[in-house]
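Trainee: One structure, pasted below without further comment.
The values are calculated or read from the model by the stated rules, or taken from the named source; none is laboratory data. Note that the coordinates shown come from a computational prediction; the quantities given were computed from them, not determined experimentally. Here the Cβ is made from the backbone with ideal geometry for all residues, glycine too, and neighbour counts use every protein chain on show. Side chains included, ligands, DNA and RNA excluded: accessible areas come from the protein's heavy atoms. Shrake-Rupley method; radii C 1.70, N 1.55, O 1.52, S 1.80 Å.
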Amino acid sequence: MSAATTISSERRRLGGVQPDQAPKPMTKYEDELESKFEALHIEPKDAIMHPKMEGGQLKQGDEAALHIEPKDAIMHPKMEGGQLKQGDEAVQLTCNAFGLLVSKSEVYRYEVKILGERGGNNAKVAYLNRRPKDDAPIMFQRDDCRAVFNSIINNPENAAFFKISDGIKPTQVLAYDLTGYLYSLNKLDFTLAPQNALKEEDEISLLMAQTEEFTRFAPRFKRVLFCIRNNEAAPLHTTDFEKMTNHLEVRFDASSRSFIETATSQFALHDPTQHVMFETNTSYLFDPTQAGFTANDAMGIGNDKYLALGTQKTIRMIEGPNREKKGGAPALFIECKKTPFYNQCDVLHFATTVLSMSENHLAQAISNPRPDHHLVALLDKALSGLYVFSRFDERIDSFHKVIRVVSTSPSEKVFTAPGGNEISIVDYYHQKYGVELQFPNAPMAECSFERGEPPKRSMRGTLFFPLEVLSICDNQRVHQQTPELIQNIIKACAVPPVRNFHHIMNSRNAWSFEKNAICQKAGIRVTSRPMNFNGRKLCAPSIRYASENSAPSGSRSTWRMMQTTYIMPASIGTWGCYYLAERPQGQERILQQFAKRFIQECITKGMQIGDPSDIGGIVANEIEMEKKFKAAQSAHCEFMLFIHDDREKAGHSIFKLLERRYDIPTQGVRLSTVNNIFQKRQNQTMENVVNKTNVKMGGLNFSLSLNPSCFKNLLSDDILYIGFAISKPAGGLSTGSSAPDVLGYAANIKQFPFEFIGDFSFVTSGIESNFKLETFGEIVKRCVVRFRENRKKNPRHVIIYRHGCDDGLFRTVIKYEVPFIEKKLAEVSDGSEIHWSLIVPNKMHTARILRSDVADEARSRELSGMRPPEQNIMPGTVVDNALVHPHFAEFFLCSHAALQGTAKVPRYTILFSKSGLTLDDFERITWNLSFGHQIVNMTVSLPAPSYIANRYAERGRMLYNQNGKMITTDDELRKLTEELCHFNTDYLRDLRVNA
């Protein structure tokens, strides 16, 4: 659920603190790679982050003077931050990082089990604290653990064991994560366990007293045990997690960080009246107004779903405001979280909203004695995986998971009753509960039995329920998100900065740190206000067209083309213009008007184009569309322009697949866009359409002149920029999918330095893929070869932006991808060394950067009346101090204007560099490359090679889905890549076809 990684995994990733700590054991994948590397005569790299680099510095000549080599497991010394250059501006910033002040103290960690023992002949033991996978059982499990824990620590007989004396509350010295770990500020004395405790060699089992709290367990268990394993290890120290290095090979114990996470969550974990918590670091609020939110901050989103307001916190070591402090400082990143949940409601009511049917319509449909298999399929899709409860369940904690919806009705389903007689579900409900089912012919839900034993062995662990007796369980997040739902969520989460700052403060309040007893006792304090720090707004380049330059301006960093032409206008010979729809008749007039306007705009921009040789409507199916493509190919058509109805989804994918098959560039324009151009006179939209056409057809709209001029060599013709991006099946949410990953890439491999084209390859899904590793290296090699073909020389520098790589992959990338890329560069270098760098952009982090005046009450009132772009930090704002990692070469750069909500500022981490460039160079390179999208006259959120690579990865995913073939082996992936990608075509390989 969290965009941030878990603390324990992050701790293992980031390396150790002592030189004598054991290296990480090799995985099977790494063992295979070691063998492959030996066969290829490649030496794996030590997994050491590129050392911390200084911020922007004055340049000495054309090259940066600083050249830093990675060092093994040695923290790189801190260096000075960035300095303002000509045209830069200093800016004051704030964020969502709160200071985490931790006094050094000892903490003892114990493993915990909670066992429920059944009585009678059934002697099985249930592990009550074993974490389930799904939301609803997690909440029941946490309620169980909380009840047992409270009973145990409040039992006077256990006071001596826990070392709880007069005046000391248990919550001041004990912290429990409601799963498997108990933390204590005192070392537990196992000799002081009460007499009724069950004692083993290394474990004490405390019995839950038969009090009121035990009643929730009485129907299921004879007794409940809280088992604590005796841990003789040395105590944790609360400040251990602050010790970090840039060496990723050694393991690091995450226990102290886990304690801080658990301790700061204690008040929320043990207040189920206000907090719904599936993980230790995230809470959803029953009543957000108690934390300062308003009723408007949460909203319903239709179809019996609502958007729950929550708060998420993440511990991260940062450089901090005191740069002289080696090792950095801990910070607690806190942000508001909005997540869709299901409403608790009757299943039939839920069905009416999900299926968009009235109650009467649904009642008629499920009353029909003949099963409606289409309706059953829709109900199955909507309900499968959800947890439900029956209004006739005898226990309040009974719930069931829907396995599937079956067409068998309650009147048809027969089972063996306890007396041995065969009985239908309808008769069973009549005899057992005195209820006449309203819909005896309706489908039923086949469910698992989640609590206790199945009532009948013949049912084999599943139960059948009439839909009318079931209700949706509370506290279930929505995992099947439709495009409409995603759109509503994005709209609700687009909160402008002033309001977002209040959300951050409210989210901090929700954790009630000041009421947290163990934090006070352990010396853990969270600052009341987030950290402030300095940033720089970098000077923007000039936009160079054929006859004049344009300067970006304003909060959106936009510019106007004015009365000039493209720097390199394209020529279009034979072309066609078509209207694509299921019924394309009746749109001839709008088609003729748009073609005329399109031609006029192209000529104004300097392009050469005549009237279309073919114009008309096409039925939106593959057969008719392919006929048109065959005719276009025979007529030597160079370009096909499609206007398509907004409701027509499949047609776009079809003509993009046919584009590749027939090697003819295409462009789609929505009918609503065409209407806006004419009816609303959106001239800029028309310009954007032609901007895209020019780039698609091999033209270049503009280039850049860098400011200040001393940085002009950063976009010289001897630097190769490559961007990588990966598209995961189902956006990374799919599990068990056989679909491949799509590796998109883009590079400036044509004649002009600011001209980017790209392609994609299909690779094995998942990170543990030799084939994917080889593909990275081959693509880099291919880009260098194409660069040399077009510019008649090797690149002096290769700078790679490796998007789609989170912190957990840094070790793998450095250890294996880097030497593969080096080997491929050596193969094409002709003996001369090619300097190169590897940078990872990442938007999936927890830092939020805001202008500092959003925290000023008077100024924030003034800002709240402005549009989001004016409230946000300015494009070009860079941060390379305070908020960055204490040991990694890292910076944050906002390169785009957020038109809605608060800007999500990418973080850039330099994993490897042999280029000799400074951090200031990398910052300015990244900023200037964000002007390279070419389609709209504004910057984009990532540098052009990364942004365009993402689009190519999306195109590859679209073509894979449209192609419809199931791929299982690397050889099949290679063949599919050759079939669908563009590098082996005659024409498309040199065009930016996904513009």
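Trainee: Yes or no: ASN322 surrounded by fewer than 22 Cβ atoms within 10 Å (Cβ to Cβ) and assigned to a loop (DSSP other than H, G, I, E, B)?
Mentor: Spelling it out, ASN322 is indeed surrounded by fewer than 22 Cβ atoms within 10 Å (Cβ to Cβ) and assigned to a loop (DSSP other than H, G, I, E, B).
Trainee: Now a separate question. Just wondering, is there one or more residues in the stretch 681-702 that are open to solvent by less than 20 Å² (accessible area, probe 1.4 Å) and in a strand (DSSP E or B)?
Mentor: Within the stretch 681-702, one or more residues are open to solvent by less than 20 Å² (accessible area, probe 1.4 Å) and in a strand (DSSP E or B).
Trainee: If you don't mind, there's one more thing I want to ask. Among (1) assigned to a strand (DSSP E or B); (2) closer than 30 Å to ALA147 by Cα, where does PHE267 come up short?
Mentor: Here PHE267 meets the rest and fails (1).
Trainee: Another question, then. Could you check the stretch 195-225 and list, in sequence order, the residues that are in contact with a strand residue (DSSP E or B) (Cβ under 7 Å, 6 or more places away or on another chain), part of a loop (DSSP other than H, G, I, E, B) and in contact (Cβ under 8 Å) with a residue 60 or more places away in the chain?
Mentor: Listed by number, the residues that qualify are MET208, PHE217, ARG220, PHE221, LYS222.
Trainee: Determine which single condition ALA494 fails, assuming it passes every other condition in (1) within 19 Å of the chain's Cα centre (by Cα); (2) closer than 26 Å to ALA136 by Cβ.
Mentor: (2)
Trainee: Hey, can you tell me all the residues within the stretch 528-548 that are free of Cβ contacts under 8 Å to residues at least 24 places away in the same chain and surrounded by 15 or more Cβ atoms within 10 Å (Cβ to Cβ)?
Mentor: Residues satisfying the conditions do not exist here.
Trainee: Scan the stretch 395-405 and tell me whether some residue there is under 30 Å from MET299 (Cα atoms), loosely packed, with under 13 Cβ neighbours inside 10 Å, over 34 Å from the mean Cα position of the chain (by Cα) and modelled with pLDDT under 90.
Mentor: Yes; the residues of the stretch 395-405 include at least one that is under 30 Å from MET299 (Cα atoms), loosely packed, with under 13 Cβ neighbours inside 10 Å, over 34 Å from the mean Cα position of the chain (by Cα) and modelled with pLDDT under 90.
Trainee: Further, regarding this structure: May I ask you to say which residue of SER852, SER860 is modelled with pLDDT under 90, of a type outside the set (Val, Ile, Thr), under 30 Å from SER553 (Cβ atoms) and surrounded by fewer than 20 Cβ atoms within 10 Å (Cβ to Cβ)?
Mentor: SER860
Trainee: If a residue counts only when it is at pLDDT below 95 and either open to solvent by 40 Å² or more (accessible area, probe 1.4 Å) or in contact with a Lys or Arg (Cβ under 7 Å, 6 or more places away or on another chain) (or both), which helices (runs of 4 or more DSSP H) contained entirely in the stretch 898-995 have at least 3 such residues?
Mentor: 944-963, 970-980
Trainee: Ok, one more. Do the conditions hold for LYS843, that is, is it open to solvent by less than 30 Å² (accessible area, probe 1.4 Å) and on the phi < 0 side of the Ramachandran plot?
Mentor: no
Trainee: If only one of ALA635, ALA650 is open to solvent by 40 Å² or more (accessible area, probe 1.4 Å), among the aliphatic types (A, V, I, L, M) and at pLDDT 95 or above, which one is it?
Mentor: One residue alone meets the criteria, ALA635.
Trainee: Would you check if there is a residue in the stretch 213-227 being among the small types (Gly, Ala, Ser), modelled with pLDDT of 90 or more and over 20 Å from GLU111 (Cβ atoms)?
Mentor: no
Trainee: Inspect the stretch 327-343 for any residue being open to solvent by 60 Å² or more (accessible area, probe 1.4 Å) and either outside any loop (DSSP other than H, G, I, E, B) or out of contact with any Asp or Glu (no Cβ under 6 Å at 6 or more places or on another chain) (or both) and give the result as yes or no.
Mentor: Within the stretch 327-343, none of the residues are open to solvent by 60 Å² or more (accessible area, probe 1.4 Å) and either outside any loop (DSSP other than H, G, I, E, B) or out of contact with any Asp or Glu (no Cβ under 6 Å at 6 or more places or on another chain) (or both).
Trainee: Looking only at the stretch 620-632, which residues are surrounded by fewer than 17 Cβ atoms within 10 Å (Cβ to Cβ), of a type outside the set (D, E, K, R) and touching a helix residue (DSSP H, G or I) at 6+ places or on another chain (Cβ under 9 Å)?
Mentor: Correct list: ASN621 only.
Trainee: To continue, here is another question. Pairs please, first residue from the stretch 502-527 and free of Cβ contacts under 8 Å to residues at least 24 places away in the same chain, second anywhere and crowded, with 18+ Cβ neighbours inside 10 Å and of a type in the set (Val, Ile, Thr), Cβ atoms under 6 Å, 6+ apart in sequence or on different chains.
Mentor: The qualifying pairs do not exist here.
Trainee: So is PRO795 in a loop (DSSP other than H, G, I, E, B) and crowded, with 21+ Cβ neighbours inside 10 Å or not?
Mentor: yes
Trainee: Considering only residues that are of a type in the set (Val, Ile, Thr) and assigned to a helix (DSSP H, G or I), which ones fall in the stretch 270-297?
Mentor: Of everything in the stretch 270-297, just one residue is of a type in the set (Val, Ile, Thr) and assigned to a helix (DSSP H, G or I), namely THR289.
Trainee: With the requirement that a residue be out of contact with any helix residue (DSSP H, G or I) (no Cβ under 6 Å at 6 or more places or on another chain), polar (S, T, N, Q) and assigned to a strand (DSSP E or B), what does the stretch 509-537 give you?
Mentor: THR527, SER528, ASN534
Trainee: So which of GLY876, GLY804, GLY831 ends up being buried (at least 23 other Cβ atoms within 10 Å of the Cβ) and at positive phi?
Mentor: So the residue among GLY876, GLY804, GLY831 that is buried (at least 23 other Cβ atoms within 10 Å of the Cβ) and at positive phi is GLY876.
Trainee: Also, quick follow-up: Scan the stretch 569-594 for residues that are of a type outside the set (S, T, N, Q) and surrounded by fewer than 19 Cβ atoms within 10 Å (Cβ to Cβ) and jot them down.
Mentor: GLY573, GLU582, ARG583, GLY586, GLU588, ARG589, ILE590
Trainee: Just to be sure I understand, how many residues within the stretch 143-194 are over 41 Å from the mean Cα position of the chain (by Cα), assigned to a helix (DSSP H, G or I) and surrounded by fewer than 20 Cβ atoms within 10 Å (Cβ to Cβ)?
Mentor: 7
Trainee: Within the stretch 434-449, is there a residue that is part of a helix (DSSP H, G or I) and not aromatic (Phe, Trp, Tyr)?
Mentor: Looking through the stretch 434-449, none of the residues is part of a helix (DSSP H, G or I) and not aromatic (Phe, Trp, Tyr).
Trainee: Given the criterion under 34 Å from the mean Cα position of the chain (by Cα) and at pLDDT 95 or above, identify the matching residue among LEU671, LEU658, LEU641.
Mentor: One residue alone meets the criteria, LEU658.
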